[in-house]
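So the structure is just underneath, and the comments pick up after that.
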Amino acid sequence: MNIITAAVLVYLSAVNITGFIIMGVDKSKAIKQKWRIPEKMFFIVSLAGGSAGTLVGMYTFHHKTKHWYFVVFIPLILTVQVIFALLFITGAI
């Protein structure tokens, strides 16, 4: 494994863990009726490569699953990212 591949894997791991954690933190804050993480932050993290972690967090914590735009767009972002990754890995782009 070369240094670039390792760096990409570390980055993607970190951003997906972040997506998962912020979903759990926001759910906890919602239960306690405290200050919340802005919804745009979930989309920013997802667009930055953390869509898998955000999606897993949504269903692990049962959070944001009643908002249609989360249910539609987080999986859509993940799908597009996977397609681009596969195209890149196969050398199509």
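The values are calculated or read from the model by the stated rules, or taken from the named source; none is laboratory data. This is a predicted model, so every value here is computed, not measured. For the accessible areas, the whole protein counts, side chains as well, though only heavy atoms, and no ligand, DNA or RNA atoms are used. Shrake-Rupley method; radii C 1.70, N 1.55, O 1.52, S 1.80 Å.
Computed 3J(HN,Hα) for segment 61-69, one whole-Hz value per residue from the Karplus formula 6.51 cos²θ - 1.76 cosθ + 1.60 where θ = phi - 60°, is 9, 6, 10, 6, 7, 9, 8, 4, 6, glycine and proline marked x. If I model segment 1-53 as equal point scatterers sitting on the Cα atoms and use the Debye formula, what is log10 I(q)/I(0) at q = 0.28 Å⁻¹? So the normalised log intensities are -0.99. Between the helical axis of 51-60 and the longest alpha-carbon principal axis of the chain there is an angle of about 40 degrees. One way to sum up the overall shape of the chain is the equivalent ellipsoid from its Cα gyration tensor, whose semi-axes run 27, 15, 9 Å, largest first.
Here the accessible area of segment 7-51 is 72 percent carbon and sulfur, with a 1.4 angstrom probe and all protein chains present. The separation of segment 1-46 from segment 52-93, counted between C-alpha centres, amounts to 13 Å. Here the Karplus curve 6.51 cos²θ - 1.76 cosθ + 1.60, taken at θ = phi - 60°, turns the phi angles of segment 18-29 into couplings of 4, x, 5, 5, 5, 5, x, 5, 5, 4, 4, 5 Hz, with x standing for Gly and Pro. Here the extension length gained between residue 30 and residue 67 equals 11.9 nm, from 0.36 nm per residue of separation less the Cα-Cα distance. Structural descriptor for segment 42-93: relative contact order 33 percent, calculated from alpha carbon pairs under 8 angstrom and at least 6 residues apart. Over the chain, accessible surface divided per residue gives 67 Å², non-protein components excluded, 1.4 Å probe. Over the chain, dividing the summed -39,500 (n - 2.57) contributions of all DSSP H runs of at least 4 residues by the number of residues returns a 222 nm mean residue ellipticity of -24500 deg cm²/dmol. Over the chain, Cα pairs under 8 Å with separation of 6+ residues give a relative contact order of 28 percent.
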